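S.K.: Sharing a structure below in structure tokens format, with a few things to ask.
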Amino acid sequence: MEHHPGNPLPRGAVDSDVDLRVDGRDRRVHDPAVLGVIAAGGALGATARYLIGLGWPTPVGGFPVNTFVINIVGCGLIGILMVLVTDVFTQQRLVRPFLGTGVLGGFTTFSTYAVDIEKLVTGDHAGTALLYLAATIVGALLAVRCTVSATRALITWRTR
């Protein structure tokens, strides 16, 4: 990326969804199609997460397996999605906002993760809270790394 004197931002977009030349305080008109697919995807993802929580509740003081699995699976799916939208489906402008920001953003729940940790700590289950804290971070990062690598390897293998 090129840098120009007096301008701390790189020239050109770093990410297809981000235009660094536009100040974040700018009052741009947002694309209703993008906002619509994000909203629809978010409703689907959040509904799926809610239903999983209803069907698989966490006992008081127990390890929040449901939220843990939701976040690990969601992060793995985000890894797959990011490879597909950057390497395969590059011309599909609504796939990433719908699936990534919408569905998977609504499905994964790091706010519930934080609340779960707080409940465990205040309920005198600090050991479980610490295990959950560390396992989620490590698991989420590993899920993204593994799925990105596996998806790229599969794409490379299929294109030979």
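S.K.: Per residue of the range 60-71, in order, report the coupling 6.51 cos²θ - 1.76 cosθ + 1.60 (Karplus, θ = phi - 60°) as ³J(HN,Hα) in whole Hz, putting x for Gly and Pro.
M.R.: 4, x, x, 5, x, 4, 4, 5, 4, 5, 4, 5
S.K.: Ok, one more. What number do you get for the range 56-129 when its Cα radius of gyration is normalised by 2.2 N^0.38 Å, N = residues?
M.R.: Numbers: Rg = 15.9 Å, N = 74, 2.2 N^0.38 = 11.3 Å.
With N residues counted in the range 56-129, Rg over 2.2 N^0.38 Å equals 1.41.
S.K.: Which chymotrypsin sites (Phe, Trp or Tyr not before Pro) in the range 33-131 sit in a loop by DSSP (not H, G, I, E or B) and have at most 10 other Cβ atoms within 10 Å of their own Cβ?
M.R.: For chymotrypsin sites (Phe, Trp or Tyr not before Pro) across the range 33-131 that sit outside H, G, I, E and B with at most 10 neighbouring Cβ atoms in 10 Å, the list is empty.
S.K.: Let me ask something else about it. If you roll a 1.4 Å probe over the range 51-160 with all protein chains in place, what percent of the accessible area is carbon or sulfur?
M.R.: Summing carbon and sulfur atoms, their accessible area is 70 percent of the total for the range 51-160.
S.K.: Follow-up question, since we're still on this one. Using a 1.4 Å probe, what is the accessible area per residue for the range 87-152, in Å²?
M.R.: 59
S.K.: Let me ask another. Which ³J(HN,Hα) values in Hz, rounded to whole numbers, follow from the phi angles of the range 103-108 under the Karplus curve 6.51 cos²θ - 1.76 cosθ + 1.60, where θ = phi - 60° and Gly and Pro get x?
M.R.: Result, ordered by residue: 4, 6, x, x, 6, 6 Hz.
S.K.: Follow-up question, since we're still on this one. Modelled label-to-label distance, Y50 and T122, 7 Å Cα→beta-carbon offset: nm?
M.R.: 2.3
The values are calculated or read from the model by the stated rules, or taken from the named source; none is laboratory data. Quantities reported herein were computed from a predicted structural model and do not represent experimental measurements. Positions of Cβ are generated from backbone atoms using ideal geometry, with glycine treated the same way; all protein chains shown enter the neighbour counts. Note: accessible area is taken over every heavy atom of the protein model, side chains too, but ligands, DNA and RNA are not part of it. Shrake-Rupley method; radii C 1.70, N 1.55, O 1.52, S 1.80 Å.
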